[in-house]
Structures are given as structure tokens and as C-alpha cells.
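The block underneath contains the structure these notes are about, expressed in C-alpha cells.
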Amino acid sequence: MNVEVRPERRPPSATPAPRILPPLPPSRAGMAPAEALRGALGALAANKLRAMLTALGIFIGVAAVIATVAVGAGARDQVLRQIQSLGANVIVVWGGSVNAGGVRLGAGQRQNLTWDDARAIEQEIGAVAAASGNIRSQQQVIAGNQNWATAVQGSDPQIFAVHDWPAEYGRLFTAEEAAAGRKVAVLGATVAEMLFGESDPVGQEIRIRTTPFQVIGVAARKGQNAQGQDLDDAVFIPFWAARRSVMGASATRFRAVSWIAINVHEGEDMHATEEELRTLFRQRHRVALNEPDTVNVRNMAEVAATRDASARTLSTLLAAVAAVSLLVGGIGVMNIMLVSVTERTREIGLRLAVGARRRDILAQFLLEAVMLAVLGGLAGVAAGIGVSHLMSGLAGWPVLIQWDAVALAVAVSGLTGLFFGFWPARRAAMLDPIQALRSE
């Protein structure tokens with residue numbers, strides 16, 4: 001017999017079974033930037049000591065980079081000032097070497113340059129703007145009851161044009177005064193200060209040996225050259241006055257000069273001009289084809305540029321070594337962020353369970369890493385500038401703060417945090433909410 005089974009009916013007063021509602025969909029807009037920033041700051045504030053220690057690597061790296069770049073920029077700036085002190089496009093011609101008893105003496109020992117060579121250079125080489133023959137000796141210069149040992153240089157008036165050296169007070173001697181051998185003098189700034197102090201030396205009289213000279217001007221301050229020599233510690237007098245009254249010579253050596261300073265027109269090829277000079281001197285000195293040059297031709301801008309290249313290479317090397325600290329700091333950021341992800345696994349799972357999107361988790365952890373690196377970078381900027389000024393004051397090194405390098409250092413620190421923080425942030429975003437909530 002078939003029995004019909006009917007479903008049991010509940011009395012009307014019974015409570016119905018609850019229905020499970022689907023979870024609310026996450027917002028399409030994601031986490032607001034202000035909320036993400038607030039969350040990142042809160043996470044860093046919760047572990048202040050750990051955050052500071054993590055940023056220490058970035059701090060040291062940025063500070064070292066800024067300090068080394070400042071020292072390198074200061075060295076290059078000093079080289080540039082030295083080039084400017086020599087004058088633009090300057091070539092110097094020295095005498096060659098000589099053999100004495102089988103011993104080869106150094107450059108400049110052969111006294112084979114003359115005042116007429118300087119005039120020939122101006123006339124026969126079109127690229128040359130000015131050329132000056134020079135002689136020089138150390139003399140005691142006297143003014144009243146003051147005296148000072150300095151370099152007295154007999155030169156043509158073109159020497160001031162060659163080195164772009166104007167007068168700060170008074171004037172420079174003229175071609176007419178030079179040709180006539182007038183006893184006039186232009187003082188360097190150091191000599192003027194040592195002999196006359198704060199008083200005006202223009203129009204005053206000085207004595208070189210026993211010969212009186214009238215001071216007609218004071219040259220503008222130049223500073224030091226690449227060898228550390230004070231360019232302002234000199235007295236300039238006309239060449240023929242120097243030969244006749246201060247640095248006499250025999251009749252055969254009366255027109256001899258120690259070196260010739262040459263200024264080349266702007267835009268001319270310096271290397272081509274050097275070759276023309278060598279050719280000219282081989283012709284004037286009747287040098288055979290199989291014999292070496294009898295003079296030394298030196299491009300002073302090229303010498304200074306070589307020093308600049310050396311300073312730049314050293315600066316780059318030091319900056320590269322300092323940048324290793326940024327790499328180490330970045331690895332530290334990655335390590336701490338991985339630890340942070342492990343510690344906050346349940347928090348991440350809970351946020352994912354209530355509707356947070358993976359991109360929100362990724363953004364917050366990335367923002368934490370970037371802020372950690374940027375805060376360390378900003379502190380490193382302040383320390384780097386302070387260390388630069390400290391080195392300038394204590395060691396006397398020239399430093400020049402490069403603000404573009406400062407901005408670049410801060411940007412690189414942020415990119416370091418972004419690069420090294422991406423893997424921990426992605427790991428946090430890819431956590432399974434259920435597994436994360438079950439973690440202890």
C-alpha cells in the first residue's frame with residue numbers, strides 16, 4: 001500500500017530561517033588617496049623605532065651622494081675659475097729642453113725665445129689675437145718704509161689682453177710707454193695691499209732694486225692658478241724697462257724672453273693653432289725634418305680641462321660608491337615591509353573579507369614603502385648639506401650645493417622605495433582572505 005508523505009507544516013507562530021545575504025560589492029572608486037595616506041602614516045607611527053632604523057640606509061645614501069656631488073661640483077667650479085683667471089683660449093710657448101753632458105734638462109731650459117718671436121706670431125698667424133713676450137724674476141719692492149718680496153714681470157701691454165686682466169684702479173701701461181721703456185708699474189692686488197694697505201697706490205712711487213717706478217694702476221684680483229700660486233702677488237712693468245733697469249742681460253740675450261703668452265680668437269681651432277705655432281718656430285729656428293721641436297707649446301685650457309676631467313671622474317666614483325648605500329637601504333626597506341606583511345596578515349585578510357580590493361592593499365603598502373624612503377631621503381638631504389658645509393669649513397674644500405642633484409636624490413629615494421616595496425606590497429595584495437584570517 002502506498003502511503004503519501006506530506007511535508008510537515010510549521011505552526012504560524014514559528015520563526016523563519018534567516019537568509020544569508022550576498023556580500024556588498026566593493027566601491028568602484030577604491031580607497032581615497034587621503035585615506036591611504038592616513039593609513040600609511042598610522043602604520044609607520046605604530047612602529048617609530050623600526051621605521052627610523054629602516055630609513056637609516058636611505059638617509060646615509062642620500063647624505064653621502066649630496067656631500068660627494070657638492071665636493072665634486074666645488075672642485076669643477078674652482079677649475080673653471082682657474083681657466084677664467086688664465087684667460088680664454090690661452091696658449092703658452094716655452095723653450096725646449098737641452099742636453100748637458102748627456103743629461104737632458106727639463107722643459108724651458110733652452111733659452112731660444114725672443115721678443116721678436118712674439119711679434120712674428122701676431123703677424124703671421126691669423127688666429128692669434130695677441131702675443132706677449134715675458135721675463136720674470138723675484139725682487140724686493142720698496143714703497144716708503146714698507147717692502148715686499150714679489151715676482152716682477154717684464155711684459156708687453158698685450159699680456160693684459162691675453163689673460164683678460166683689467167685694471168681695478170688706475171690704468172694699464174700703453175704700447176707707447178712700453179716701446180719707450182717708461183718706468184711705470186701695475187701692481188697685483190696682493191702687492192698693493194702689502195705695500196700700501198688701505199691707501200690708494202695710484203700715483204705713488206715704488207723702488208725695484210734702486211730704480212724708481214711710478215704706480216699707474218692696480219690689476220683686478222685673479223686669485224690662485226692650478227698650482228696654487230697667487231696670481232695677484234706680482235708687479236708688471238714694461239718689457240724694455242725691465243731689461244734696461246731691473247733684469248739686464250748681455251747684448252746677445254737682451255731681446256730674449258722666458259715664455260710667450262698667446263691669446264687665440266674666439267671660435268678658432270686651438271689644436272690647429274698649436275700646429276701652426278710649431279711650424280712657425282721650426283722655420284724661425286731652422287729645425288731639420290728629422291729633429292725634434294725646439295719649443296714646448298702648451299694649451300692652458302686643455303691642461304685645466306684635464307684637471308676638470310680628473311675631478312669629475314673622482315666625483316663620479318665617490319657618488320657611485322655612495323649610491324651603494326641607497327641600494328642597501330632599499331633592501332632594508334624590502335625586508336621590513338615583508339616583516340610588516342607577515343605581522344599584519346589577519347588585518348589584510350579582514351580588509352579583503354569586508355570588500356577591500358587587492359589594488360587598495362597594494363597601494364597602501366606601496367605608499368608606506370615610498371613614504372619611508374622619502375622621509376629618509378629628506379633627512380639625508382639636510383644631513384648632506386650640513387656635512388658639505390662642515391667639510392668646507394674644517395678641511396677648506398670648495399663645495400657647491402647642486403640643487404638639481406638634491407631634487408634628484410629625493411626622487412631616487414622615492415623610486416627606491418617604490419621599487420623595493422613593490423614585491424612586499426604585491427605579496428600582501430595576493431593573500432587569500434580565508435587563509436589570512438586563519439593565520440595566528
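The values are calculated or read from the model by the stated rules, or taken from the named source; none is laboratory data. Owing to the predicted nature of the structure, the values given are computational and were not obtained by experimental measurement. Backbone-built Cβ (ideal geometry, glycine too); neighbour counts: all protein chains shown.
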Quick check: is even one residue across segment 152-165 assigned to a helix (DSSP H, G or I) and among the aromatic types (Phe, Trp, Tyr)? yes
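Quick one: which residue in 399, 387, 406, 374 is surrounded by 17 or more Cβ atoms within 10 Å (Cβ to Cβ) and not in a helix (DSSP H, G or I)? Before the answer, list the steps.
Working: 387 fails: not in a helix (DSSP H, G or I); 406 fails: not in a helix (DSSP H, G or I); 374 fails: not in a helix (DSSP H, G or I).
Step by step, each of 399, 387, 406, 374 is checked, and only 399 is surrounded by 17 or more Cβ atoms within 10 Å (Cβ to Cβ) and not in a helix (DSSP H, G or I).
Condition test on residue 381, is it within 24 Å of the chain's Cα centre (by Cα) and over 22 Å from residue 336 (Cα atoms)?
yes
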Any residue in segment 229-245 that is closer than 16 Å to residue 90 by Cβ, in contact with a helix residue (DSSP H, G or I) (Cβ under 8 Å, 6 or more places away or on another chain) and surrounded by fewer than 22 Cβ atoms within 10 Å (Cβ to Cβ)? yes
Only one of (1) small (Gly, Ala, Ser); (2) assigned to a helix (DSSP H, G or I); (3) within 15 Å of residue 73 (Cα to Cα) fails for residue 428. Which number is that? (3)
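Being of a type outside the set (Val, Ile, Thr), modelled with pLDDT under 75 and part of a helix (DSSP H, G or I) narrows it down to one residue among 81, 119; which is it?
Working: 119 fails: modelled with pLDDT under 75.
It is 81.
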Qualifying residues in segment 44-76 (those that are more than 27 Å from residue 389 (Cβ to Cβ) and among the charged types (D, E, K, R)) - the one surrounded by the fewest Cβ atoms within 10 Å (Cβ to Cβ): 48
Restricting to segment 406-433, name every residue that is among the hydrophobic types (A, V, I, L, M, F, W, C) and under 12 Å from residue 337 (Cβ atoms). 418, 419, 420, 422, 423, 425, 428
Name the pairs whose Cβ atoms lie under 6 Å apart, with the first residue in segment 339-359 and within 23 Å of residue 53 (Cβ to Cβ), the second surrounded by fewer than 19 Cβ atoms within 10 Å (Cβ to Cβ) and not hydrophobic (A, V, I, L, M, F, W, C), and 6 or more positions between them or separate chains? 341/427; 345/439
Considering only segment 147-168, state which residues are buried (at least 17 other Cβ atoms within 10 Å of the Cβ) and more than 26 Å from residue 91 (Cα to Cα). 148
